[in-house]
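The values are calculated or read from the model by the stated rules, or taken from the named source; none is laboratory data. No experiment lies behind these values; they were computed from the predicted model shown. Here Cβ is always computed from backbone atoms with ideal geometry, including for glycine, and neighbour counts include all displayed protein chains.
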Amino acid sequence: MDYFNFREGELYAEDLKVRDLAEKYGTPLYIYSQSTLERHLRAFERALAPHPHQVCYSVKSNSNLAVIALMAKLGVGFDVVSEGELRRVKAAGGDVRKAVFSGVGKTDEELRYALNEGILCLNVESAEELAAVSRTAASLGVKAPVALRVNPDVDARTLPAISTGLKNNKFGISIEEAFALYLKMAEDPHLKISGIDCHIGSQMTSTLPILETADILIKLYKRLKEHGISVDHIDLGGGLGVTYDAEMPPSPDDFFSGIIERFRGLDCKIFIEPGRAMVANAGILACKVIYKKHNGDKKFIVTDGGMNDLIRPALYNAHMTIVNAHERPESGAERCDIVGPVCESDDFLGRDRLLNAEDGDILAVRGAGAYGSSMSSCYNSRRLACEIMVSGASARVVRRRQSFEELWERESV
């Protein structure tokens, strides 16, 4: 559910017309809905309420300071994958002591920074990284809170590019290797065993993979208990899918109901790391139609938004719903590709779409709140888009449009 809806043929962001916002702030323009973000968090909190838990917002999905600050205000923790993301959390007023640090390639400098800042948990991805964590903690005179990221070899049934829980993925440690490492960790004076971590992939539309994963992690939890090793949490990662087109993912209540049942009686918290499910449908990308173009029988709608603004379609061949912010008669719709101005053949927002649009119209790419702005670039020396946050009938700029001079301000001749 989101707060981007049509009223009398006009698309609104909460109580503001998208076309008016595009005219005021220019395009391409990212528009976020605060009410949608709040609604989505409430849904997660309600679903997990029967068991002690912590929601850790996945910063990589949308790292805008305003989004992070809102999450901090609502009391959530954070999942970060770099020192830069951890510094963003701190800059936005988030509590680093409620943050978990994931990722396969943490440097010594990143580990040192995280431990000095009082990170809640380091999600460790290899024996080599565990040795680096122990060495860094020893140099600082602290005990590092750690969880091993387990790779359960479970198919998340999602796109190969966003699958992370199979044995041929770079992420995590096998169950048997993890068990042996936990035994070693228990004897290391510089490590504090905190949890068990896992993340099998993104955009899951079935509960079966996450339930299979939970069963594997709980089995490991009980095996560790038998050897006198306790953990204070099991982190199931993120992965709940969203509706981009015709997908029908489960609600948070349905997604977590089986997990809550499995955790009944366990003396540990549930951690989750939602990102896409929190912010995807809380944002749209508004673009202006520049031209309509024909190459023989092939029709194109050329917009001022390109793959540098939103790379998901080009990178993953991801399908994202695209609508005209001003509804036009269906009788005038044409089958076309919606493309951008970037000098690449794969610069497209949507292919083979039925759409009625004219020059100057505003198109809205729905579901763009996650992995849109956070993956954007200045390719072709195109400026980073403006981003605004809407709350009711008010809007505020949360990232101004980049100036041309800022494109090269860190360079020299």
Here, strands (runs of 3 or more DSSP E) confined to region 325-377 with at least 3 residues that are closer than 24 Å to residue 399 by Cβ and in contact (Cβ under 8 Å) with a residue 60 or more places away in the chain are 362-366
Residue 332 vs (1) more than 18 Å from residue 30 (Cα to Cα); (2) modelled with pLDDT of 95 or more: all pass except (2)
Quiz item: Among the residues of region 300-319, is there at least one that is of a type in the set (Gly, Ala, Ser), surrounded by fewer than 23 Cβ atoms within 10 Å (Cβ to Cβ) and within 16 Å of the chain's Cα centre (by Cα)?
Solution: yes
Apart from one, (1) touching a Ser or Thr at 6+ places or on another chain (Cβ under 9 Å); (2) closer than 16 Å to residue 234 by Cβ all hold for residue 195; the odd one out is (1)
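Do we have residue 381 as crowded, with 16+ Cβ neighbours inside 10 Å and in contact (Cβ under 8 Å) with a residue 24 or more places away in the chain here? Before the answer, list the steps.
Numbers: crowded, with 16+ Cβ neighbours inside 10 Å: no; in contact (Cβ under 8 Å) with a residue 24 or more places away in the chain: yes.
It is false that residue 381 is crowded, with 16+ Cβ neighbours inside 10 Å and in contact (Cβ under 8 Å) with a residue 24 or more places away in the chain.
Looking for whichever is in contact with a helix residue (DSSP H, G or I) (Cβ under 9 Å, 6 or more places away or on another chain), in contact (Cβ under 8 Å) with a residue 60 or more places away in the chain, under 21 Å from residue 126 (Cα atoms) and not in a loop (DSSP other than H, G, I, E, B) here; the options are 181, 220. Which one fits? Quick ask: steps written out before the conclusion?
Details: 181 fails: in contact (Cβ under 8 Å) with a residue 60 or more places away in the chain.
Matching residue, one of 181, 220: 220.
Can you tell me how many residues in region 297-323 are assigned to a strand (DSSP E or B), closer than 21 Å to residue 4 by Cα and in contact (Cβ under 8 Å) with a residue 60 or more places away in the chain?
Looking only at region 297-323, we keep the residues that are assigned to a strand (DSSP E or B), and these are 298-303, 322-323.
After this cut, where a residue has to be closer than 21 Å to residue 4 by Cα as well, the list is 303, 322-323.
Narrowing the set further to residues that are in contact (Cβ under 8 Å) with a residue 60 or more places away in the chain leaves 303, 323.
Qualifying residue count, region 297-323: 2.
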Margin query: Please determine whether any residue of region 225-236 is outside the structural domain of residue 154 (by TED's automatic domain parsing), on the phi > 0 side of the Ramachandran plot and in a loop (DSSP other than H, G, I, E, B).
Written below: no
Of the conditions (1) closer than 16 Å to residue 245 by Cα; (2) surrounded by fewer than 20 Cβ atoms within 10 Å (Cβ to Cβ); (3) of a type outside the set (Lys, Arg), the single one that residue 412 does not satisfy is (1)
Practice prompt. Evaluate region 279-296: report whether one residue or more is part of a loop (DSSP other than H, G, I, E, B), touching a residue at least 40 places away in the same chain (Cβ under 8 Å) and in contact with an Asp or Glu (Cβ under 6 Å, 6 or more places away or on another chain).
Written response: no
Note on residue 157: of the conditions (1) modelled with pLDDT of 90 or more; (2) under 30 Å from residue 244 (Cα atoms); (3) among the basic types (Lys, Arg), unmet is (1)
Restricting attention to region 335-374, the residues that are under 26 Å from residue 65 (Cβ atoms) and surrounded by fewer than 17 Cβ atoms within 10 Å (Cβ to Cβ) number exactly 0
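Identify all residues within region 106-153 that are hydrophobic (A, V, I, L, M, F, W, C) and part of a loop (DSSP other than H, G, I, E, B); write none if there are none.
Just the residues of region 106-153 that are hydrophobic (A, V, I, L, M, F, W, C), to begin with: 111, 114-115, 119-122, 124, 127, 130-133, 137-138, 140, 142, 144, 146-148, 150.
Selection gives 119, 120, 142.
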Only unsatisfied item for residue 230, checking (1) polar (S, T, N, Q); (2) surrounded by 17 or more Cβ atoms within 10 Å (Cβ to Cβ); (3) under 28 Å from residue 142 (Cα atoms), is (2)
Among residues of region 296-328 being out of contact with any strand residue (DSSP E or B) (no Cβ under 8 Å at 6 or more places or on another chain) and of a type in the set (S, T, N, Q), the residue nearest to residue 352 (Cα to Cα) is 317
